[in-house]
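Inspection log for the structure reproduced underneath, given as structure tokens.
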Amino acid sequence: MKSSFRKSFLWILIALLIVFAGSVLFESTSRIKQAKAEANFLIGISQPNLNEPRQIVMNNEIRKEAEKHSNVKLIFTDAAENSEKQIHDVQKLMEYGIDLLIISLNDSEKLTPIVKEAYKTIPVIVLGRGVTGYDYTMFIGSDNLSIGKIAGKLASDLLAGTAAEIVEIKGAMSSTSEEETSRGFRDYVTRSPSIQIKQEIDGSWQRDKAEDELKRILPFYPEVRLVFAHSDAMALGAYRAITSWGLSNVQIIGIDGLDTVNGGFDLVKQKILSGSVTSPTGGRESIQYAIDILNGEKVIPKKIILRSHLIANQHEPLNGPDRQPYMMKLDTAGPDKADPRRKIKLGVVIVGSESSWRAANTESIKTAAEQEQDIELFMQYAEGSQDKEIEMIRSLIRQKVDVIVFTPIVETGWDEVLEEARKAGIPVILTDRKVKVEDDSLWTTFIGSDFIEEGRRAARWLLERYANRGGVTEIVELQGTAGSAPAIERRQGFEEVLANNSSFHVAASEIGDFTYDSGFQLMNKVIKDGVMPQVVFAHNDDMALGAIKAMEQAGMKPGKDIVVMSVDATKLAFQAMIAGKLNLSVECNPLLGPQIVKAVKDLAAAKEIPVNIITSEGIFSAETAKRDIAMRKY
Ligand code: GYE
């Protein structure tokens, strides 16, 4: 009797549980369906966890920004630090029919496949840690190298001249982003021979683990004067370890700078930390770009890197002078600039006639600026001379323009003139090419391409097609202008991918200047030197076309018995691919005008803009050139 009663009770319990579970599922699904019905846009946000303050602040920023749009509804998921669960969360969000996915990855490698899968049907914005490859709509992150440099500069200032030992607390011992932060930090502190980084410890992003690990090693390093922790949570753990040993003269620097209880902002104000470097979450920006993407906005960058700032007691608050380089002073530099109807005086210094890419780039900037009623354009052409560029920038400073946009022909030699622009309170936007300067706050943002990735793409295409051709494939590389970012970085990316493959050998690497003539002359020289390459890799289309001419004059069949690859993907390149003379052109998008104008107007509106805005690009081969040329805009 008892057992049958127990059995029927169990069956009733199971039935009730099923009904309850069903009603919950029905309720949540119907709520989701209702949300989708109400909203024009349903955005899913997949978080790796909600126990890191950073992720909570990210969600709060997302909610706050989304509240500005009544037609947007959000669904948040929390993977509780479990990658398998995060994969399931994304699958569930897709089943709910979200229109766009925003994801902060628990583990880049494990989550890349599901991001790639989602990207096949909806736009995907990746926040923070990157995925491998480029199968997503947009990446928003911060610059770990720059964060490390800012922390390293503060450490050097704090320890100036003293013999000191440093302990570094990392969130993970073998992650790319962590290595970049460390590299930036060392870039500064290793300049002082009296400063030594004695030990790296793994705090696994956790406050308590950082405390325990530091407590364990402190007795062995009595000369420790500074701890650099890669998160404020771990920095607080370090503080607890230091105070538990009764040490008083050890300074602590953290990262994140969140304005939350026990966040970096709070800990610096309490003088628990000597400084913290902000690492913006990108939550606000992710919704701003999500709306643009869902509204079909054409100009969507592939990557934006948000600027980091130092929060430290001896520095002015964030809206003090160290913010000035990023914020245009439209309303403060004198009576004529106080007039809200006044136009933005935009000074532009361009390389000048160089290549068909350059012509398209110049036209894009000119057209975009001239279309704006509230922009007065001052455009100057430097004809390939750095000295002329510097002189033109100085003339724009004398004319008191509001913002300067320029393409640095080469990477170095800009510190002095950029310092003059900063002193004049004029923000500088770099377009197309980057600079190498001592203080990166001398420029406000870089808008252009990822040249290293362009070089990698050319090499990956070559590997995919010719890795098994047998023997060694001899390559001739025609480099762009010596010292220019595209030449340096395309070569870096190309050689990085081929580095471990003995089937490919760069037989000759000649330095050109991105012009047709230099391609023609260099290829003639290579042929006269008796080098018989199977592959020619030119850093841009114009040099490739010049080299093709030289090869044809020498009786060769470029594109057939010699593989010819280049970068830019200009219309001339498509015509050469259709004619069977060029095999591949990696896209380098010159149409930067709209993004430059957007950045200028954001600056004028006193908005902080990303430190890097990287354009979206692909690769184009001869096989599909006839189809693709119809869509080309340059
Ligand atoms: O590839 C080339 C131009 O700086 C990315 O310069 C640009 C390069 C481009 O002359 O065609």
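The values are calculated or read from the model by the stated rules, or taken from the named source; none is laboratory data. Since this is a predicted model, take the numbers as computed values, not measurements. No Cβ is skipped: glycine too gets one built from the backbone with ideal geometry, and neighbour counts run over all protein chains shown. The accessibility values were calculated without ligands, DNA or RNA, using every heavy atom of the protein model including side chains. Shrake-Rupley method; radii C 1.70, N 1.55, O 1.52, S 1.80 Å.
Overview of values
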read-out	value
In the stretch 531-634, trypsin sites (Lys or Arg not before Pro) in a DSSP loop with at most 15 other beta-carbon atoms within 10 Å	LYS560, LYS607, ARG632, LYS633
Listed residue pairs exceeding 18 Å between alpha carbons, taken from LYS525/LYS549; LYS209/LYS269; LYS343/LYS601; LYS303/LYS598; LYS298/LYS598	LYS209/LYS269
Residue-level accessible surface for TRP245, protein heavy atoms, 1.4 Å, Å²	130
Amide proton proximity set for VAL611, modelled H, under 5 Å, gap of 5+	ILE305, LEU306, ARG307
Amide proton proximity set for THR407, modelled H, under 5 Å, gap of 5+	VAL349, VAL351, THR431
Charge sum, other residues only, whose C-beta stays under 13 Å from VAL131's C-beta, Lys/Arg counted +1 and Asp/Glu -1	+1
Backbone HN-Hα couplings from phi across the stretch 249-262 [Karplus 6.51/-1.76/1.60, Hz, Gly and Pro as x]	9, 10, 8, 10, 10, x, 9, 2, x, 6, 8, 10, 4, 6
Extreme residue, positive dipole direction of the stretch 451-588, given options ALA458, THR473, ALA544 (C-beta unit charges)	THR473
Restricting the stretch 432-482 to GluC sites (Glu not before Pro) in coil, as DSSP defines it, with at most 13 other Cβ within 10 Å	GLU438
ARG394 versus PHE378: modelled label distance in nm, points set 7 Å from Cα along the beta carbon direction	1.5
Cβ-Cβ FRET estimate between GLU623 and SER175, R0 fixed at 30 Å, reported to 0.05	0.20
Cβ-Cβ FRET estimate between ALA482 and GLU370, R0 fixed at 35 Å, reported to 0.05	0.55
The stretch 391-489 shape via C-alpha gyration tensor axes, a/c threshold 1.5	prolate
Assigned charges on the beta-carbon of Lys, Arg, Asp, Glu; the chain dipole about Cα centre (debye)	1480
Summed residue charge, Cβ within 10 Å of LYS581's Cβ, Lys/Arg positive, Asp/Glu negative	+2
Estimated inter-spin distance, ARG31 and THR260, nm [label 7 Å along Cα→Cβ]	2.2
Accessible area of ARG191 in the full protein assembly, 1.4 Å probe (Å², nearest 10)	120
Interchain or long-range residues, amide H under 5 Å from ILE344's placed H	ILE375, GLU376
Inter-probe distance in nm under a simple model that places probes 7 Å from Cα toward Cβ, at GLU109 and ASP135	1.7
Mean projected area in nm² (Cα convex hull; one quarter of hull surface) for the chain	37.3
The stretch 102-165, relative contact order in percent, only Cα pairs under 8 angstrom and at least six apart counted	27
Rounded if a/c under 1.5, otherwise prolate or oblate - the stretch 451-588, Cα gyration tensor axes	rounded
Calculated FRET value between ASN295 and ILE511, using beta carbons and R₀ = 56 Å, to 0.05	0.80
Karplus (6.51, -1.76, 1.60) ³J(HN,Hα), θ = phi - 60°, over the stretch 135-143, in Hz, Gly and Pro reported as x	8, 7, 7, 7, 10, 10, x, 10, 9
Dipole axis of the chain (+1 Lys, Arg; -1 Asp, Glu on Cβ), positive-most option in ILE114, ILE375, PHE185	ILE114
Extension gain, LYS343 back to LYS215 (0.36 nm per residue minus Cα-Cα distance, nm)	40.2 nm
Coil-residue trypsin sites (Lys or Arg not before Pro) of the stretch 80-130, DSSP, other Cβ within 10 Å capped at 13	LYS120
Dipole axis of the chain (+1 Lys, Arg; -1 Asp, Glu on Cβ), positive-most option in ASN40, GLY483, THR278	ASN40
Total formal charge among the other residues, if their Cβ is under 13 angstrom from that of THR181, Lys/Arg +1 and Asp/Glu -1	-3
Rounded, prolate or oblate (a/c below 1.5 giving rounded, otherwise prolate when a/b exceeds b/c) for the stretch 164-301 by Cα gyration tensor	prolate
